[in-house]
Amino acid sequence: MPKAQYPFRRYHAHVTTAAPVSRGFHFCKVGSPEKDHTFESEQLQNGDGVEFGGQSSAYASKAPMSMSASGTSNGGTNASNGVEPTKNDEKLLMEPYGVPSMVEIFHFLCSLLNAIEHIEFGPQSNPIAYDEDVPLFALGLINSAIELGGPYIGKHPQLLAIVQDELFRNLMQYALSMSPLILSTVCSIVLNLYHHLRTELKVQLEAFLSCVLLRLAQSKHGSSYQLQEVAMEALVDLCRQHTFMAEMYANFDCDITCSNMFEDLANLLSKSAFPVNGPLSAMHILALDGLISMVQGMAERLGNEPLTSEPLQDDEGYKEFWTKMCENYSDPNFWVPFVRKLKYIKRKLMVGADHFNRDPKKGLEFLQGMHLLPEKLDPQSVACLFRYTTGLDKNLVGDFLGNHDEFCVQVLHEFARTFDFQDMSLDTALRLFLGTFRLPGESQKIQRVLEAFAERYYEQSPHILINKDAALVLSYSLILLNTDQHNAQVKKKMTEEDFIRNNRRINGGMDLPRGFLSELYRSICENEIQMIPDQNAGFPVIASSQWINVIYKSRKSSPFIVCDSTELLTYDMFTILSGPTIAALSVIFDQVEQEDVLQTCIDGFLSVAKIAACYHCDDVLDDLVVSLCKFTTLVTPLSIEDAIISLGDDLKTRMATTTVFTIANRYGDYIHSGWKNILDCVLSLHKLGLLPASLTSDAEYDLEPSSDPERGKPATASLSASHMPSVATSRKSSGLMGRFSQFLSFDMEEPRSQPTEQQLAGQQRTRETIQNCHIDSIFMESKFLRAESLLQLVEVLISAAGRLRKVTGSIEDEDTVVFCLELLIAITLNNRDRIMLIWKGVYEHISDIVQSTIMPCMLVEKAVFGLLKICQRLLPYKENLTDELLRSLQLVLKLDARVADAYCEHITQEVMHLVKANATHVRSHTGWRTIISLLSITARHPEASEVGFEALAFIMSDGAHLLPSNYVLCVDAARQFAESRVGEVDLSISALDMMAGSVVCLVTWSCETKIAVDKDAAVKVSQDIGEMWLRLVQGLRKVCLDQREEVRNHAILMLQRCLAGVDGIQLPNALWLQCFDLVIFTLLDDLLETVLGKSPKDYRNMEGTLVLAMKLMSKVFLHLLLDLWRLPSFCKLWLGILNRMERYMNIKFRGRRGEKMHELIPELLKDTLLVMKTTGLLTPSDTIGGDSFWQLTWLHVKNISPSLQSELFPAFELEQQQSKQIKAAGIPAPDGTDLVRSSETTA
């Protein structure tokens, strides 16, 4: 939409025609740096002033200060300018074309506006009705003079005094006229004055803005729509000025004696932008333009200031602040914290004023509690409260000041001392005094108030009055005269002579000068003393009699703060502006259809978002997101067809959708609760099939080369189609073209019609909109989000999925729950560096899915394989979290049997990939226990056993990843694979080989322990190695009972290998005895029981197995014979061996004795006895067990092979050995006779 031709500019065009001498009235160009530069280069080549009649004013630039033409002094200006008169200056004043001529010309121009200075403007009056040419001519000339010489007027106190007093007073009066032409010209002048002289016109600008522009723009005083529009455009043009809003806030909103100009202006623009019960008008566009200018100006200047302002804290106690000034108003390091502190105080004062207006006593107590008044009230602090606080009920203030209570009287006198009445006429002082409160109605209260006033006035202006009593009486007289002259009920008015006669001999018994009294009479008659001040903050409607309040305040106000391009107060201003702006933009965006207005609103939304993000205003950003999401139509329950059509054909919907996701991408760091609305939009787009396929993929993962060359497509990809065909179909049909085809079909049984060009164009617009949203970036780049925002996003995803699971009933809802889970997993993978921040919530969500699902479905599949994928991705990077991640895989063990059976093979594949990629990162027993448990359960699964065994073999083969922490776990898992009958026999054989091969690791660890420095630790490790070895041989013993001949025989061989191949391990003898009891003897007993109790059909060729077992026992015994014979329990061990041999000799297979056993056992026994004989362990008089060992041995041997004793110990050899032993040891003879030692016999 082309820029609106606002009436302000139309009126200026007319003014330029009517007053051709006036030029340059366009606000947007007034006072621009380029113009100033041109003016300086062309007009001021020879000096600092403007040439009048050929005489440059540069020679008068140092003119001395004087009273203004209206007789009002400007002490404040003198101080600020610091101009000192010199002799040369006095000479320049006498020049015919110097400063005096300039003053006279400017005063003459202002005098042209004085024709109606005594006329009061009101809703029913039209004082300009006679002719507009004269005031327009004068205003045009004044505007030109200020535009050309504005920067230099401030250097001449006389010219400045005219601007501050007479000119501004007339401008405010004319601005309240009924003429849009005059108002537009006045606004142009004020803008020029603001641009050039704002540092000298602080209070005047406040009065003009609050009493003229704001009131006219609000349609007060019965102003016409044209006047309202002109005032609004003037305000908007002011808002476009580079520093206007910041200076309004710093100078007025942060001053306890001024009104909140910035806040009032922001509220006005936001309210005026609302189209109420009607179409959008030029006024609404104007107000919107003003709001946008404010927020865009703030947004463009971001980056030049601190991101946040430190929160202000209450001081420990009360500190006087009423008249405190800043140390340096030109250095932001000083004035910025100063004005922030004042604004903080002012906010509390406003609250305290509200409490005071309800109950003065409680209000003062509240202010004490807020440290705005001292704990013990003193008259001075309360007087300052009444004097400088805006918003107080002036009726209550008057009643308090007039009270007879001693404290109230003290406050009254302190209140009077806050006024400066020097060089001020009595009526002016009285007007100023009574303008701050309402004079009570009771005579006694009036008496006390006027006494305080008279005392203060006489103290400062004792020129004519002899004493304070004279001031008191004359003040009473002026109040009576004011009532007489301006009360409509008084018919007979007091004449001047009556007034003079009534005041005879009041000045100490003498008369006051007649001229003095006459001047007071005329002043009161012409300008009423307002006895009922305006309750509103700021200035009342300005009348001539009230202008003195402005002038007085301008003398006492703090300096004007100039804000440069560094918007140091943007945060403070934004907290005020953001709420009204969002509300106004939302209403307009909702009601308009014009593309340019919609784009303006979007620009405003983005500017608000930028500022809110810069200053971490999370609540503002959340509110903005919520408002925008409403316009996307994605969060409303529309049908799929309606939603797609709306997105393709509705410009507003597309713009809102793009803006929502633009904000989410740019400023997601500072979105909290707004993520819920954004996610609702994402889920709606998902249901429509409009989201990109890469949304839930992990780009970083996809680009990484696979560590396993044989690994193909992830298992989850194939499962999606095989286990959930209905979901896959739903997703396919939810695409954009599919949705349009469904919508355009007239009959489900008839062929679908082709989309029209218009519909295809809508589809194209929809696709472009989704592409411009970059929705995938929100989740793929979530690793850059702040912790708070990321946590909120995850919580929103989990909450949405949980909510849908409770109410799910359709395939689309189930698909949406799966989609939420995929997003959650993608976010988790993208935030691996801070996984613990969100892990608890993610794990609990997946756990809830896994444990509550009893049938295979897409959701549990995504949960399980997502969990596995998270572990695969994060284990290489988060070694400190290895146990935590692997512990989460225990959820897989909690799957329902039907679910586990459906996905077992694919789960095992993923576990295998995890092991191969991350085995080196797993160190703890806890982590390995989870992994091995997952592999162990696959031993009983036909489809998964091979993959599970492959993973276990990767760990155990050559001891590549065997550790003390996982040794026992791996051995037990290998045993389960060896015992499993779901696979081939070769798999069991391989499992036994791995078990036997693992003993090499034990030998290696034992050797490493021998060189350890810490002996205590070495002993502990040795004990652990012994326990691991015992668990190994126990596991092999169990497999030795397998029904399959090949497996059990191979198990016995591997057991023998493990028992014999431990020379490098220092196993204690006690452990070997334990091994015989728990492993070898138990194995022989179990085998014997199996032969006797089991069917030969189930256990074929058991004799061969028994042969191997018997050989194993014999070999191990002989291997350990020299180490074990000294043990006290050796006899018991030996008898256990003989007992098993004896029992095995008597065993029968199918009713017949075993030939192999009858051949083997005597041979093994003979070999054993020969070894014992050779080593001297078996002799007729063996000390081990005494004669019983020998006797018990042969007692059992005779049962096995009766001839063995004679073969091994012939009679002659036996007698010789016994004789030698008896002689050597002195052992009694068998018949009871004592044998004498050889030494004794010899003796």
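For the stretch 1058-1067, the tally of residues that are surrounded by fewer than 18 Cβ atoms within 10 Å (Cβ to Cβ) and touching a helix residue (DSSP H, G or I) at 6+ places or on another chain (Cβ under 7 Å) stands at 4.
Taken together, Val339, Val351 contain a single residue that is modelled with pLDDT of 80 or more and closer than 15 Å to Val562 by Cα, which is Val339. Condition check for His616 on (1) touching a residue at least 60 places away in the same chain (Cβ under 8 Å); (2) part of a helix (DSSP H, G or I); (3) surrounded by fewer than 19 Cβ atoms within 10 Å (Cβ to Cβ): one failure, at (2).
Evaluated against (1) open to solvent by less than 10 Å² (accessible area, probe 1.4 Å); (2) in contact (Cβ under 8 Å) with a residue 60 or more places away in the chain; (3) within 19 Å of Leu280 (Cα to Cα), Leu577 falls short on exactly one condition, (3). Is it the case, given these coordinates, that Leu885 is over 22 Å from Glu984 (Cα atoms), at pLDDT 90 or above and part of a helix (DSSP H, G or I)? In short, no. Looking across Ser565, Ser545, Ser558, one residue alone is small (Gly, Ala, Ser) and either open to solvent by 30 Å² or more (accessible area, probe 1.4 Å) or modelled with pLDDT of 90 or more (or both). It is Ser565. Counting the residues of the stretch 772-809 that are of a type outside the set (A, V, I, L, M, F, W, C) and in contact with a Pro (Cβ under 8 Å, 6 or more places away or on another chain) gives 1. Listed by first and then second residue, the pairs linking a residue in the stretch 1186-1215 that is open to solvent by less than 20 Å² (accessible area, probe 1.4 Å) to a residue that is of a type in the set (D, E, K, R) and at pLDDT below 85, with Cβ atoms under 6 Å apart and 6 or more places separating them unless they lie on different chains, are Phe1189/Asp1182. Could you list, in sequence order, all residues of the stretch 1147-1177 that are of a type in the set (S, T, N, Q) and under 13 Å from Val1197 (Cβ atoms)? Selection gives Thr1168 alone.
Name the single residue that is nearest to Val134 (Cα to Cα) among those in the stretch 208-230 being in contact with a Lys or Arg (Cβ under 9 Å, 6 or more places away or on another chain) and not hydroxyl-bearing (Ser, Thr, Tyr). Of everything passing the filter in the stretch 208-230, His221 is nearest to Val134 (Cα to Cα).
How many residues, within the stretch 419-434, are more than 14 Å from Glu528 (Cβ to Cβ) and either open to solvent by less than 30 Å² (accessible area, probe 1.4 Å) or of a type in the set (Gly, Ala, Ser) (or both)? Of the residues in the stretch 419-434, 9 are more than 14 Å from Glu528 (Cβ to Cβ) and either open to solvent by less than 30 Å² (accessible area, probe 1.4 Å) or of a type in the set (Gly, Ala, Ser) (or both). Under the condition of being over 18 Å from Arg981 (Cβ atoms) and buried (at least 24 other Cβ atoms within 10 Å of the Cβ), the residues counted in the stretch 933-950 number 1. Filtering the stretch 807-865 to residues that are open to solvent by 60 Å² or more (accessible area, probe 1.4 Å) and aliphatic (A, V, I, L, M) leaves Val807, Ile811, Met836, Leu837, Ile854, Met855. Which residues, counting only those in the stretch 501-542, are small (Gly, Ala, Ser), at pLDDT 80 or above and closer than 30 Å to Leu213 by Cβ? Scanning the stretch 501-542 gives a single hit, Ser523. For Asp1016, the conditions (1) in a helix (DSSP H, G or I); (2) open to solvent by 50 Å² or more (accessible area, probe 1.4 Å); (3) within 22 Å of Ser980 (Cα to Cα); (4) not β-branched (Val, Ile, Thr) are fulfilled apart from (3). Among the residues of the stretch 774-795, which ones are closer than 15 Å to Glu844 by Cβ and either open to solvent by 10 Å² or more (accessible area, probe 1.4 Å) or free of Cβ contacts under 8 Å to residues at least 24 places away in the same chain (or both)? The answer is Leu791, Glu795.
The listed residues are Ser259, Ser210, and the only one of them that is open to solvent by less than 10 Å² (accessible area, probe 1.4 Å) and at pLDDT below 90 turns out to be Ser259.
From the list Ser188, Ser177, the one residue that fits, being over 23 Å from Ile576 (Cβ atoms) and either assigned to a helix (DSSP H, G or I) or open to solvent by 10 Å² or more (accessible area, probe 1.4 Å) (or both), is Ser188. For residues that are outside any loop (DSSP other than H, G, I, E, B) and among the small types (Gly, Ala, Ser), tally how many sit in the stretch 1106-1159. Of the residues in that region, 3 qualify.
Selection within the stretch 213-265: residues that are out of contact with any helix residue (DSSP H, G or I) (no Cβ under 8 Å at 6 or more places or on another chain) and assigned to a helix (DSSP H, G or I). The member of this set that is farthest from Tyr571 (Cα to Cα) is Gly222.
Select from the stretch 836-882 the residues that are within 30 Å of the chain's Cα centre (by Cα), charged (D, E, K, R) and assigned to a helix (DSSP H, G or I) and list them in ascending order. Answer for the stretch 836-882, where residues must be within 30 Å of the chain's Cα centre (by Cα), charged (D, E, K, R) and assigned to a helix (DSSP H, G or I): Lys840, Glu844, Asp848, Lys862, Lys869, Arg873, Glu879.
Among the residues making up the stretch 362-379, those that are part of a helix (DSSP H, G or I) and either surrounded by fewer than 18 Cβ atoms within 10 Å (Cβ to Cβ) or under 44 Å from the mean Cα position of the chain (by Cα) (or both) are Lys362, Gly363, Leu364, Glu365, Phe366, Leu367, Gln368, Gly369.
Only one entry of Phe356, Phe338, Phe400 meets the criterion of being more than 29 Å from Met573 (Cβ to Cβ) and surrounded by 15 or more Cβ atoms within 10 Å (Cβ to Cβ), and that entry is Phe400.
Residues are listed down the side, and each one gets a yes or a no for (1) open to solvent by less than 30 Å² (accessible area, probe 1.4 Å); (2) among the hydrophobic types (A, V, I, L, M, F, W, C); (3) part of a helix (DSSP H, G or I); (4) in contact with a Lys or Arg (Cβ under 8 Å, 6 or more places away or on another chain):
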site	(1), (2), (3), (4)
Pro462	no, no, no, no
Ser475	yes, no, yes, no
Thr483	no, no, yes, no
Ile500	yes, yes, yes, yes
Arg504	no, no, no, no
Leu512	yes, yes, no, no
Phe516	no, yes, yes, no
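The values are calculated or read from the model by the stated rules, or taken from the named source; none is laboratory data. All values derive from a computational prediction rather than experimental measurement. FYI the Cβ positions are ideal-geometry reconstructions off the backbone, even for glycines, and counts take in every protein chain you see. Just the protein is used for accessible areas: all its heavy atoms, side chains included, with ligands, DNA and RNA removed. Shrake-Rupley method; radii C 1.70, N 1.55, O 1.52, S 1.80 Å.
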